[in-house]
Each structure stands twice: as C-alpha cells, then as structure tokens.
C-alpha cells in the first residue's frame, strides 16, 4: 500500500514539475520583457537575468508627453470600437438566428459572409481603403481609423454571439412573442441576458484585438492620432534599437 502511494506521489510530483516547466517556458518572454524594463539600455543589450535594477527607464518612458497622447488614443479606439462593434454586431447576430428573412437560406449565406470576412487580412484592402480615406479626408483622424476597426471587428462579434444565440431554446422566444413582446424586447430582455457571457467574451476579444492592432494604425494615422503599438515601433531607429524603453512601454 505504501509503495502504491509513493509511486502515485512521485508521478504527481513529476507531472507537476513538467507542467511548471512548460508554463515557465511560455511565460519566460513576458518575464524577460518585464525585467528588461528595469535595465538601462546598456544592460538590455547584453541578455542577463541577474542585474542591478533601475527605474530610470520607466521614468524616461512615463515622462514622455507623447506616450500619454498615444495612450489616450488607444483607450479611445478600444472603448468606442468595442462599444460600436457590440452595438451593431449583437442585433445582426440576433436577426440571423431569430429573424424571418424572405428567403429561407438567406440567414446561412449572410452568416457565411460574416465568417469569411474574418479571414480577410487588412493588407488586402489597404490600398483601396487608403485611397477612399484620402478622398474623404479621413487620414490622420481618430474617427477614420475607428471606422476601420469597427468594420473589421463586427464579423468577430457576429461569429461569437451567433453561436451563443443559437444555443438558446427558441420556445422561450415563441412564448414571449405570444405574450406580445416585440423583437427589440425579445432581444434586450431575453437574448442578451441569457447570452451575456458570450457577449462579454466577444467584447473582451475585440478590445484586445484593437488594443494590439498595429498595421491599420500605422498606415491610417499620424502623430496626433496614432496608438500605442505605433508609438512603440519608434524605439527602432537608425541610431539603434532601444530595447529597455521598448520593454518598459510594452509592460505598461
């Protein structure tokens, strides 16, 4: 009996060590980035785990007024981009699941169209988008890049919320319709509360995507309206790459 317990303990210990090793392996780049923010530029050039930490790099990054401006731009895009994407994507997903279209197979085709647009890379539409933005003077405006973010992320909201709405029993909505509930009431009072976890997940995913987005922000904005990823790309200059400042700003 003692031998079996010993083997069981050893096996659990071995599996635990393996899991911790894999977790540390995946977490190591984030840990190294965090530690490099406490280095000077000279220390960051030479990879090392043990060093004398300093706050000078963080002070330099946080004292830069341009970073505060870029941070405000990113928060603006994340907040309004997420809210507008949810406000437009949720009714679209509800209409595809519970709506009554003229053609029976139209809902499936529209849903497939939303799904396929998720696979469209931004670089494929950059030239026509840039030309259109130039014509309507939307380059270097916060609402111009916001419109692009909303357009690219509404399909993600529709895709995720559609799957949650599809799992809801349609008998509830049929009973609500008999009781006199309008389509808007069925969506706001029944569908959204029941699928709130999926809606929150979709909102978080869209917020993360917009927060990390670089390509559109780099090509459609200028200094006054650029976001944090564009700001961090400036630490690669002709004089060299400022690794410590890049890691500090990335950590922040």
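Given the condition in a helix (DSSP H, G or I), surrounded by 14 or more Cβ atoms within 10 Å (Cβ to Cβ) and without any contact (Cβ under 8 Å) to a residue 60 or more places away in the chain, answer yes or no: does some residue in the stretch 69-79 qualify? No, the conditions are met nowhere in the stretch 69-79.
What do you reckon, is residue 216 touching a strand residue (DSSP E or B) at 6+ places or on another chain (Cβ under 9 Å), within 30 Å of residue 62 (Cβ to Cβ) and in a helix (DSSP H, G or I)?
Working: touching a strand residue (DSSP E or B) at 6+ places or on another chain (Cβ under 9 Å): no; within 30 Å of residue 62 (Cβ to Cβ): yes; in a helix (DSSP H, G or I): yes.
It is false that residue 216 is touching a strand residue (DSSP E or B) at 6+ places or on another chain (Cβ under 9 Å), within 30 Å of residue 62 (Cβ to Cβ) and in a helix (DSSP H, G or I).
In the set (1) surrounded by 15 or more Cβ atoms within 10 Å (Cβ to Cβ); (2) under 21 Å from residue 167 (Cβ atoms), the condition left unmet by residue 148 is number (2).
Anything in the stretch 100-139 that is touching a residue at least 40 places away in the same chain (Cβ under 8 Å) and under 30 Å from residue 194 (Cβ atoms)? List them, or say none. Across the stretch 100-139, the qualifying residues are 111, 114, 115, 118.
Return the total of residues in the stretch 112-123 being farther than 17 Å from residue 85 by Cβ and surrounded by 15 or more Cβ atoms within 10 Å (Cβ to Cβ).
The qualifying residues number 0.
How many residues are assigned to a loop (DSSP other than H, G, I, E, B) and either surrounded by 13 or more Cβ atoms within 10 Å (Cβ to Cβ) or touching a strand residue (DSSP E or B) at 6+ places or on another chain (Cβ under 9 Å) (or both) when one looks only at the stretch 30-59? Adding up the residues that qualify gives 6.
Remark: residue 173 falls outside the filter, which requires a residue to be within 17 Å of residue 99 (Cβ to Cβ), at pLDDT 90 or above and touching a helix residue (DSSP H, G or I) at 6+ places or on another chain (Cβ under 7 Å). Under the condition of being under 26 Å from the mean Cα position of the chain (by Cα) and loosely packed, with under 15 Cβ neighbours inside 10 Å, the residues counted in the stretch 152-180 number 3.
The values are calculated or read from the model by the stated rules, or taken from the named source; none is laboratory data. Keep in mind that this is a model prediction, so the values were computed, not measured. Virtual Cβ from ideal backbone geometry, glycine too; neighbours counted across all protein chains shown.
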